[in-house]
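Before any comments, here is the structure.
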Amino acid sequence: MNNSKWPAQSVLPVAQPGLKFVMITILITGMLFYLGWGIFAWISLAVTLFVCWFFRDPERHPPQDKHSLVSPADGKVICIENLATCDYLSDPCIKVSIFMNVFNVHVNRVPFDGVVQKVVYHPGKFMNASFDKASVHNERNALIIKTPDDVNFAVVQIAGLIARRIVNCAKEGETLKKGDRYGMIQFGSRLDLYLPPDMDITVRMGQKTAAGSTIIGYLK
């Protein structure tokens, strides 16, 4: 897991954690063209373009409604369920899971304004993140956040079958704003939200989400 600081503003269309991958592929491509290795150079160029596209970091504009909680990830809603207990909140909660495939933007964003109460990292396996047991067995990193109205919720980054690196830049005690970039999962894979049981959930199973803009529900 990486904990380097994420820039407050994005000045490039590529996410900061992906810059080194982009630079490496550009360097290799340039070297191959210089050496005249035509077919390999063109293949390397295609790989470079894919890496740039994979680490794309578009601007997002969160809704201004002060009660709306937004999606932390691009992807598809694969789970909405009520839980009597969970590892991150002391009370019953609602769990909402979002699965990211390789075609999604992989930058993760803060769902709601608040202060990070705790950062909890668990080493683990790398099974398919679409399986529900991935929430318990896979490598994951959780942020427990307290809103200005003293409501706690948790957002959990979960590595998957191909994803092998969780990037989290949020620190305990840090104040975050809705829609802020805070991390990504390189080459994967799933985000779980643990929300108050009385929250008004507005997404549905199978719905596509966009990080920082799709409303998951409303805090009461």
TODO: Read phi for every residue in segment 203-214 and hand back ³J(HN,Hα) as whole Hz from Karplus 6.51 cos²θ - 1.76 cosθ + 1.60, θ = phi - 60°, with x for Gly and Pro.
DONE: 7, 10, 4, x, 6, 7, 10, 10, 4, x, 9, 6
TODO: With label points built 7 Å along Cα→Cβ from the Cα atoms of TRP53 and LYS220, find their separation and express it in nm.
DONE: 4.5
Task: Cα gyration tensor shape for segment 141-204, rounded if a/c is under 1.5, else prolate or oblate - done: oblate
- [ ] Would you calculate the separation in nanometres between label points at SER213 and TYR121, each defined as 7 Å from the Cα along the Cα-to-beta-carbon direction?
- [x] 3.2
Open item on the list: Quick check on segment 68-218: take the gyration tensor over C-alpha atoms, sort the square-rooted eigenvalues as a ≥ b ≥ c, and tell me if it's rounded (a/c under 1.5), prolate or oblate.
Closed with: rounded
- [ ] Any chance you could run the full-extension gain for ASP150 through GLN64? It's 0.36 nm times the residue separation minus the Cα-Cα distance, nm to one decimal.
- [x] 29.0 nm
- [ ] Using a 10 Å Cβ count of at most 13 others and DSSP loop calls, identify the longest part of the chain lacking such chymotrypsin sites (Phe, Trp or Tyr not before Pro).
- [x] 104-220
TODO: Measure nothing but the geometry: give the 0 to 90° angle between the long axis through the Cα atoms of 38-54 and the longest principal axis through the Cα atoms of the chain, rounded to 10°.
DONE: 20
Open item on the list: Under the rule of at least 5 residues apart or a separate chain, name every residue whose amide H is placed under 5 Å from the amide H of GLY179.
Closed with: VAL110, PHE112
TODO: Collect residues whose amide H, placed 1.01 Å from N in the peptide plane, falls under 5 Å from the amide H of THR209; neighbours closer than 5 in sequence don't count.
DONE: GLY75, LYS76, VAL77
Open item on the list: Give me the dipole magnitude in Debye, nearest 20, for the chain about the Cα centre, with unit charges on the beta carbon: positive for Lys and Arg, negative for Asp and Glu.
Closed with: 540
- [ ] Tabulate in residue order the Karplus-calculated ³J(HN,Hα) for segment 113-119, using 6.51 cos²θ - 1.76 cosθ + 1.60 with θ = phi - 60°, rounded to whole Hz; enter x for Gly and Pro.
- [x] 4, x, 10, 5, 7, 7, 10
Open item on the list: Using each residue's phi in segment 17-31, evaluate 6.51 cos²θ - 1.76 cosθ + 1.60 at θ = phi - 60° and report the 3J(HN,Hα) Karplus result to the nearest Hz, with x for Gly and Pro.
Closed with: x, x, 4, 5, 5, 5, 5, 5, 5, 5, 4, 5, 4, x, 5
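None of the figures in this text is laboratory data; all of them are computed from the coordinates on show. Being a predicted model, the structure only gives us computed values, none of them experimental. FYI the Cβ positions are ideal-geometry reconstructions off the backbone, even for glycines, and counts take in every protein chain you see.
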